[in-house]
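Structure first, commentary second.
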Amino acid sequence: MLIIILSFIIIFICRMIPVSSVFFWALKLGIFYFTIPILILYLFKKNPGDYGLNFRNYRKSLFYFFLILMISLPIMIYGSTLEEFKSYYPLFYSDSIFSFAKNELFIGVVMLSTEFFFRGFLMFELKEKIGIYAIIVQTIPYGILHIGKPPLEVYYSFIAGIVLGYMDYKTESILPSFLSHYIPSIIFDILCL
């Protein structure tokens, strides 16, 4: 129970710290959503591999990723034509292919940290206590954190939270949700340019 309480304290503190660039956003989430939870797990003598940081069931993970990619491609193509997304994405300014690639690497840190925190650290801790309902519980704060983004994305984030949570729950790894969040994010940024 203490880990769950600490999760919500981490979310609260993290939200209070503003960021001025994609680098500082990646640094902030890397610290609050990845490093601190890892330290907490070690403090409680828990294995991060049991919290999704593993390649267990990697074939099933890759299957889920490619399935999600095929389903989401038409949605991304359509979404990239909507002004609310074109004016919002990409989240950062890039003046060259090099700076675009560098910023996408920082977004990778953001995505890995987010996936580990919500679908690894929080969901797998809840799984021990409430089983499959952990998928729903981790989705609520994850979806709420999307408020302020384009409205369609806010609604979509709740659905995505459940789907990504289900994949990780079934594979016991955050690999499918990380790939399914990060790779489409890169594709969508390119489509919105």
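Readers should treat all values here as calculations from the given coordinates under stated rules, not as data from a laboratory. Quantities reported herein were computed from a predicted structural model and do not represent experimental measurements. Note: ideal-geometry Cβ built from the backbone for every residue, glycine included; neighbour counts use all protein chains shown.
Take the Cα radius of gyration of the stretch 58-99 and divide it by 2.2 N^0.38 Å, with N its residue count; two decimals is plenty. If you can, show how the numbers build up before the last one.
On the way: Rg = 14.4 Å, N = 42, 2.2 N^0.38 = 9.1 Å.
This ratio for the stretch 58-99 stands at 1.58.
Tabulate in residue order the Karplus-calculated ³J(HN,Hα) for the stretch 67-74, using 6.51 cos²θ - 1.76 cosθ + 1.60 with θ = phi - 60°, rounded to whole Hz; enter x for Gly and Pro.
So the J values, rounded to whole Hz, are 4, 4, 4, 5, 5, 7, 4, x.
Angle check, please: helix 175-192 long axis (alpha carbons) against the longest principal axis of the chain (alpha carbons), in degrees 0 to 90, nearest 10.
Orientation of helix 175-192: about 20 degrees from the principal axis.
If one computes the Cα centroid of the stretch 118-193 and of the stretch 43-92, what distance in Å separates the two points?
Taking the Cα centre of each part, the stretch 118-193 and the stretch 43-92 sit 8 Å apart.
Pick from 70, 123, 167: which is most flexible by mean-square fluctuation in a GNM of the chain where alpha carbon atoms under 10 Å apart are linked?
The residue with the greatest mean-square fluctuation here is 70.
Given a cut-off of 25 Å, name the pairs among 102/149; 46/149; 45/127; 28/102 whose C-alpha atoms lie farther apart than that in the structure shown.
On the way: 102/149 23 Å; 46/149 35 Å; 45/127 17 Å; 28/102 17 Å.
Listed pairs above 25 Å: 46/149.
Which length gain, in nm to one decimal place, applies between residue 39 and residue 158 when the Cα-Cα distance is subtracted from 0.36 nm times their residue separation? Walk me through the numbers on the way to the answer.
Numbers: separation 119, 0.36 × 119 = 42.84 nm, distance 2.81 nm.
Value of the extension gain: 40.0 nm.
Pairs of Cα atoms under 8 Å, at least six residues apart: use those to get the relative contact order of the chain, whole percent. Could you put the intermediate results ahead of the total?
Working: 208 pairs, mean separation 66.2, N = 193.
For the chain, the relative contact order is 34 percent.
Excluding the sites themselves, what is the longest stretch of the chain that contains no chymotrypsin sites (Phe, Trp or Tyr not before Pro) in a DSSP loop with at most 15 other C-beta atoms within 10 Å? Display every interim value, and only then the final one.
Details: sites that count: 44, 55, 88, 93.
My reading of the result: 94-193 is the longest stretch.
Choose one answer from 84, 115, 125: the residue with the largest mean-square fluctuation in a GNM of the chain with alpha-carbon springs under 10 Å.
Of 84, 115, 125, the most mobile in the Gaussian network model is 84.
Would you tally the net charge around residue 168, using a Cβ to Cβ cut-off of less than 9 Å, leaving residue 168 out, and scoring K and R as +1, D and E as -1? Before the final figure, lay out the partial values.
Working: positive: 119, 170; negative: 115, 172.
Overall, the nearby charge balance is 0.
For the chain, state the semi-axes of the equivalent ellipsoid (square roots of 5 times the eigenvalues of the alpha-carbon gyration tensor), sorted largest first and rounded to whole angstrom. Provide the component values of the computation, followed by the final result.
Values: eigenvalues 140, 75, 49 Å².
Listed largest to smallest, the semi-axes of the chain are 26, 19, 16 Å.
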